[in-house]
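The values are calculated or read from the model by the stated rules, or taken from the named source; none is laboratory data. Because the structure is predicted, anything quoted here is derived from the model rather than measured. Virtual Cβ from ideal backbone geometry, glycine too; neighbours counted across all protein chains shown. When the accessible area is computed, the model is the full protein with side chains, heavy atoms only, and any ligands, DNA or RNA have been set aside. Shrake-Rupley method; radii C 1.70, N 1.55, O 1.52, S 1.80 Å.
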Amino acid sequence: MIEQIPPGLILIVGGLLLPLMPKEVRKVLLVVLPAAGLAHMIQLPTDHVLAYSVFDYDLTMVKVDKLSRIFGIIFHIAAFLTAIYTLHEDDPVQQVAGLTYSGGAIAAVFAGDLITLFVFWEATAITSVFLIWASRTERSYKTGMRYLVMQVGSGVLLLAGAIVYFQQTGSVDIEPWTDLGHHQMRGMFAFDSFGEASLAQLLIFFAFGIKAAFPLLHNWLQDAYPEATVGGTVWLSAFTTKLAIYALCRMYAGSDVLIPIGATMTAFPIFYAVIENDLRKVLAYSLNNQLGYMVVGVGIGTELAINGTASHAFAHILYKGLLFMGMGAVLYRAGTVKGSELGGLWRQMPYTTVFTSVGAAAISAFPLFSGFVSKSMILTAAANEQHIITFCILLFASAGVFHHSGIKIPYFAFFAHDSGKKVKEAPLNMLIAMGIAAALCIGIGIWYQPLYDLLPFDMNALHWVPYDTAHVVTQLQLLLYSAAAFVFLQKMGWYPPELKSTNVDVEWVYRKGLKDVALATGRALDVGYTTFRDELFGVAWGIVERIKRWHSPGGPLGEPWPIGAAAIAAAIMLILFLALGWL
Amino acid sequence: MEAPTPHEVEVVHRTLTDHLPILQVIIPLLAAPLCVLLRERALVRGMAIGVAWTCLAISVTLLQHVMEHGVISYAVGGWDAPFGIEYRIDLLNAYILVVVSAIAAVVFPFGRGGEGLALNPARVHLFYAALLLCLCGLLGMAATGDAFNIFVFLEISSLASYSLIALGRGRRALRAAYSYLVMGTIGGTFFLIGIGLLYQTTGTLNIVDLHDRLQPVIGSRTVVVAFAFLVVGLGIKLALFPLHQWLPNAYTHAPAKISAFLAATATKVGFYVLLRVLFTIFGATFVFTTLRLHNLLLPMSLAAMFVGSLAAIAQTDIKRLLAYSSIAQIGYMTLGVSMGNVDGLAGGIVHLFNHAMMKGGLFLVVACVVLRTGSAKIDDMAGLGRKMPLTMAAFVVGGLSLIGVPATVGFVSKWYLVKGALERGWEPVALLILLSSLLAVIYVWRVLEVIYFRERPEGAKEVGEVDATMLIPTWILIGAAVFFGLRAELTSQVALDTARMLLGTGL
Amino acid sequence: MTQKTPMRMQDKIILRVVSKALIPPILLFALYVQFHGDFGPGGGFQAGVIFAAGLVLFGVIFGLDAVQEVFPPIWVEILTAVGVLLYGGVGVVSIMLGGEFLNYDVLHLPGPMHGQHLGIFLVELGVGITVASAMTAIFYFFAGRATKR
Amino acid sequence: MSDHGHGPPSVAPEKVKVIVGFLFFICAVAVLGELLPSFHPHEHAGLEFVNTFGFHAWYGFLSCVLLVLAAAQMRKLVMRDEDYYDRD
């Protein structure tokens, strides 16, 4: 019986029922539901399948394997931690949105066919936008609309792809992986270059690409995440993009095209991250960069790379969540996360400082932190497959990550020059959530075996050891000299200051360029139209007026005719009917 | 025609059930003079209600019987068809009988006695006598299978309705009744001329017999002329645009309760006779293939839909608004006929039933309003939404049905009409049906806006909700409009079967 | 025949004498048409109209009050109803006796032939009564309006 | 540290000196770590240059310097006022 409940449903249904509960019960449920969902999900057997049929189509609601399982587990943990983090606030909108959003993402992970995937794919889009709108500002409303357009657009592409695929093959099932030898994995849709891709493959590829924030499709992420509420950004950071990574992993593993795409994703956002002033936006760029590693991992598609991707996603959700929590706490207390307005908060928010620094160390992949045991797998896999340039870019990006996430975030928020702000330490529930996340970041970095046991492929067979002298030493060199470079640049005064600014990105195309073009076209049309309209309205009004007059009382059609006229009408009708017989 | 000798006395044991087709008609016929003799208000009223409910029971029994066992034939006076007068009940008129008697059963009890009619109390028994005669005429037209008999009952119902309309307030009611009388007489005469020509050609008046005997001479001039007279005569009776001139004034100036009864029944029976004439007497082949009636009926129907709706929008009197809306609704029915296919015809037939319910209900609402406020001006309905919430809620539901909102009967009929139009390949017509529904939105909204969003003017007469004797009939009709909207299969199945019958065998 | 009526036709002696002479035969002829109707030309409708014509003539010459004294309006109303009831009643009786509506065969006192005879007689009588009284009623109504003015 | 910013440094300059000194110290240690007996670089075809002495050290340093300098130049291209998109 309990197996008949799809994972995620507990969160969705529970979330939807939440508004009916009193405040205290809501808060308890907010934390209990993810825990209950996790407990329920864990006990599902690995080959569990739950099929259902709609009309005449057989669909698969749930299909459990090791890949969906690890994403399911980390999604539940993320929901649980975020729930704790948001306990201080009593906003039913965010609570419902957060729970249904995470539930939708979990259900999407376990979807066994493209249609089910589409349903929950759209569900995550629609529920998550409320986390942005929950800021309840004009700005967040507009941002939310842009976000929603992109997300729903992604869903529409997915549906289109599914339909085309169904027409071609008669099936929408998500097939299991194929093993091509050399431990190279192929997803059901994998292709090596766009030239050989079918229409269905392309459509779905771009559907996933939007959510995974591929270069040029990425801007919704940096646009939306900094506009969400304190808790909303934490919810958002965990699910949408990682769901896309999961889907890529499931369907495009081993697609070579993903490697340059991923490499680009690791490299270019960090330039923006360096000059960005809004620290939550810095983290959004950094998130984009981290996704790059995973996309590269999916593209390489070896067992080691897939394991690296899965474990990196797992670790990433925790430390990125932790960083967003830290910045959220700063925003909550200081009222801003602009680097130019912050600084010196470490005295007032010591715990937050420590926890954020743990997150920074984890994202930078310091040895003994979670990033180290996962990211190095992807780099090694790239090296193993002789992707030399990719490897160098990843290495460059790793140094850069440390630079902007590892140093810049804590430095400008907590150290640097004293901003003079007098703030309190973060609320207890935030500290607890951050504490657990920080503990997990360190815990995974040290006791990585439980995580490795969850990975899709047997780690023992891969002969992988994260901690050997060469790995540790080279990684430390990379990071420490990056730090040295930071000190050097600051000393030289070359370090770009935090300035109040907006940095234009791809979004310029639609937020400014197209808008300006549209406005200009609109103005030109307006002139022509006004002239035309006045003419047309003159005529149209005349007709309307006449119709009105005719049908009003007193008009020929709005009032019965005199009996004589009526009788004549009858005679005319008689003639007309007689004419029928002659014509 | 040689007269057959009356047959020898044969002792056939008939049960009361066998006489139902005639009882349906003679019960109101005999009740009318009884009203005159009894004179006592309460007694007369009780009897009229009793008669209406008896008729309803009879017609429902007949419908059941027809659905189970097929056509019922009753030879009046023991003279078999085609020589004697035959009462012939098939699916179509069994259905009409139910509609008419059901409306009567609901409308007759409306209001206490002559309340709201502004009648001289000494004349109430005559009012009920006329009402019963009108019912008798309408039921007779539906029940009989004899063309001349149809004319007789047409005149009975018409004469009764002239006098009923004349009961309305003021001299304008008299004038309306008079012009209805003139137009009705023209219509009746045309109908009679048509029958005369047919009789001359075939020597029979029995409808079924007429059909058979017409086939050899179907294309002749006489038949075509007869056809034209019959259709135009009936066109006046059922108020088909532009022959509708009598209707707005008649419905406006008649007492509201009478408007409700006539709007829900009189034009419907006229429409029924039109169907009989077109399909049973002449046959679908002649009408649609030889004459191509749709070339004329379609534009007339469309004009009715648009002129009626547009004129309804412009009216300032609620009864007039509903009257013009009726013209539009009749347009929908004849539109269904002009399609000449099963879905379209079924749409027309089901709309007959549906329109009877919703328009009857709406006129009863107006009767309530007139009784309380003493005015039928739309502007005088301002703010009634709060004063008469139940009555006005009925108006809302009825109005939605008039528009054709899903879950109301109006939607069901429009659904079949659109389906029929598309099947016929008349996409623009389907579009026009939807467009005219939009016009209905406007005129219904106009009233709702006044009812709910305008304040009751200062110093206006204090009004309250009407009592149960009015609310219950109103809500029965309005409730039926929703019930049959939700359980559309109950009516549409009968309509589809009927349409198939009419188009298939013509019988 | 009261002097108070404003109508003056009764003052004209020719009219008075001729109509006095004519009215009885008219009424008698009406009865003839009525009762001969089932065998020859005529019937209840014609008879009723003729009978009413006699009354109307009387009313026209001698005034509304005079004719209403002979044939009071309340009786007009009642007889209109009675005639219809008689007509319908025959039909109902024939139903009760096991025939169709208006099947006179079943009214067989000595035999079907007599049944037919009786049936048509009663029906025509009903029609005659109704038509005569309805016509009279119409005359009363219009004449009454004229007097009021 | 550089003199942009608003308030006084939140960490005393002497302490900063100690921290920076410590940083330089462990930087040196990290490079020397390659001399450890257990240091066995992973061999990958085509990536031999990665295993040259101190590669990660200078690569990390140069990466960051280039990153920051490039980003600073990029500002000229992409930086707008804070309310850039809000204006019409």
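Miscellaneous remarks
- Selection from the stretch B:377-396 of residues that are open to solvent by less than 10 Å² (accessible area, probe 1.4 Å) and outside any helix (DSSP H, G or I): B:Ile378, B:Ala382, B:Gly383, B:Met388
- Residue count for the stretch A:532-583, restricted to those that are within 8 Å of another protein chain (Cβ to nearest Cβ) and acidic (Asp, Glu): 1.
- All conditions in (1) surrounded by fewer than 20 Cβ atoms within 10 Å (Cβ to Cβ); (2) at pLDDT 90 or above hold for B:Asn120, with the sole exception of (2).
- Residues in the stretch B:239-254 that are crowded, with 24+ Cβ neighbours inside 10 Å and either at pLDDT 90 or above or not in a helix (DSSP H, G or I) (or both): 7 in all.
- The lone exception for A:Thr353 - which of (1) without any contact (Cβ under 8 Å) to a residue 40 or more places away in the chain; (2) within 22 Å of A:Thr86 (Cβ to Cβ); (3) within 14 Å of another protein chain (Cβ to nearest Cβ) it fails: (1)
- Subset tally (residues that are touching a helix residue (DSSP H, G or I) at 6+ places or on another chain (Cβ under 6 Å) and either of a type in the set (S, T, N, Q) or within 18 Å of A:Ser311 (Cα to Cα) (or both)) for the stretch A:41-78: 8
- Residue satisfying all of: in the stretch A:468-517; among the charged types (D, E, K, R) and assigned to a helix (DSSP H, G or I); nearest to the other protein chains (Cβ to nearest Cβ) among these: A:Arg511
- Of all residues in the stretch B:398-412, those that are at pLDDT 90 or above and more than 18 Å from B:Leu322 (Cα to Cα) total 0.
- Taking the stretch A:187-284 as the region of interest, the helices (runs of 4 or more DSSP H) fully inside it that hold 1 or more residues being at pLDDT below 95, more than 12 Å from the chain's Cα centre (by Cα) and of a type in the set (Ser, Thr, Tyr) are A:230-252, A:258-275.
- Hits in the stretch B:398-412 - residues which are closer than 14 Å to B:Gly361 by Cα and of a type in the set (A, V, I, L, M): B:Leu400, B:Leu402, B:Val409
- Within the stretch C:111-149, considering residues that are of a type in the set (Ser, Thr, Tyr) and at pLDDT 80 or above, the one farthest from C:Gly43 (Cα to Cα): C:Tyr140
- When the stretch C:80-95 is filtered for residues that are more than 10 Å from every other protein chain (Cβ to nearest Cβ) and either buried (at least 19 other Cβ atoms within 10 Å of the Cβ) or farther than 30 Å from B:Gly84 by Cβ (or both), only C:Val90 remains.
- Yes/no for C:Gly98 being within 13 Å of chain B (Cβ to nearest Cβ) and in a loop (DSSP other than H, G, I, E, B): yes
- Test set (1) over 26 Å from A:Gly406 (Cβ atoms); (2) in the same structural domain as A:Lys63 (by TED's automatic domain parsing); (3) open to solvent by less than 10 Å² (accessible area, probe 1.4 Å) - A:Ala247 fails condition number: (2)
- When we screen C:Ala66, C:Ala137, C:Ala132 for residues that are surrounded by fewer than 20 Cβ atoms within 10 Å (Cβ to Cβ), in contact (Cβ under 8 Å) with a residue 24 or more places away in the chain, away from chain B (no Cβ under 11 Å) and among the small types (Gly, Ala, Ser), the only hit is C:Ala66.
- A count restricted to the stretch D:25-62 and to residues that are aliphatic (A, V, I, L, M), assigned to a loop (DSSP other than H, G, I, E, B) and more than 7 Å from chain A (Cβ to nearest Cβ) stands at 0.
- Every test in (1) buried (at least 20 other Cβ atoms within 10 Å of the Cβ); (2) under 23 Å from A:Ile378 (Cβ atoms) is passed by A:Ala470 save one, and that test is (1).
- Residue count for the stretch A:300-317 satisfying the condition of being within 14 Å of A:Phe71 (Cβ to Cβ) and open to solvent by less than 10 Å² (accessible area, probe 1.4 Å): 10.
- The set of residues from the stretch A:44-62 being touching a His at 6+ places or on another chain (Cβ under 9 Å) and part of a loop (DSSP other than H, G, I, E, B) is empty.
- Matching option when the condition is surrounded by 14 or more Cβ atoms within 10 Å (Cβ to Cβ), assigned to a helix (DSSP H, G or I) and outside the structural domain of A:Asp223 (by TED's automatic domain parsing), among A:Ala565, A:Ala520, A:Ala569: A:Ala569
- Some residue of the stretch D:10-18 being at pLDDT below 85, in contact with an Asp or Glu (Cβ under 8 Å, 6 or more places away or on another chain) and not in a helix (DSSP H, G or I): yes
- When the stretch B:151-167 is limited to residues that are among the hydrophobic types (A, V, I, L, M, F, W, C) and open to solvent by 10 Å² or more (accessible area, probe 1.4 Å), the one that is farthest from B:Pro82 (Cα to Cα) turns out to be B:Leu167.
- Only residues that are closer than 19 Å to B:Ser220 by Cα and in contact with a Pro (Cβ under 9 Å, 6 or more places away or on another chain) were counted across the stretch B:160-206, and they come to 2.
- Being over 27 Å from A:Arg333 (Cβ atoms) and either surrounded by fewer than 20 Cβ atoms within 10 Å (Cβ to Cβ) or of a type in the set (A, V, I, L, M) (or both) is a property that does not hold for A:Leu87.
- Condition check for B:Ala440: under 18 Å from B:Leu390 (Cα atoms), open to solvent by less than 60 Å² (accessible area, probe 1.4 Å) and part of a helix (DSSP H, G or I): no
- Test for B:Thr204: is it polar (S, T, N, Q) and open to solvent by less than 10 Å² (accessible area, probe 1.4 Å): yes
- B:Pro457 falls short on exactly one of the conditions (1) at pLDDT below 85; (2) within 20 Å of B:Tyr324 (Cα to Cα), and that condition is (2).
- Single unsatisfied condition, B:Thr222 versus (1) crowded, with 23+ Cβ neighbours inside 10 Å; (2) among the hydroxyl-bearing types (Ser, Thr, Tyr); (3) within 12 Å of another protein chain (Cβ to nearest Cβ): (1)
- Residue within the stretch B:364-372 that is crowded, with 24+ Cβ neighbours inside 10 Å and under 16 Å from the mean Cα position of the chain (by Cα) present: yes
- Selected residue (criterion: nearest to A:His471 (Cα to Cα)) from residues of the stretch D:63-73 that are of a type outside the set (Gly, Ala, Ser) and facing another protein chain (nearest Cβ under 7 Å): D:Cys64
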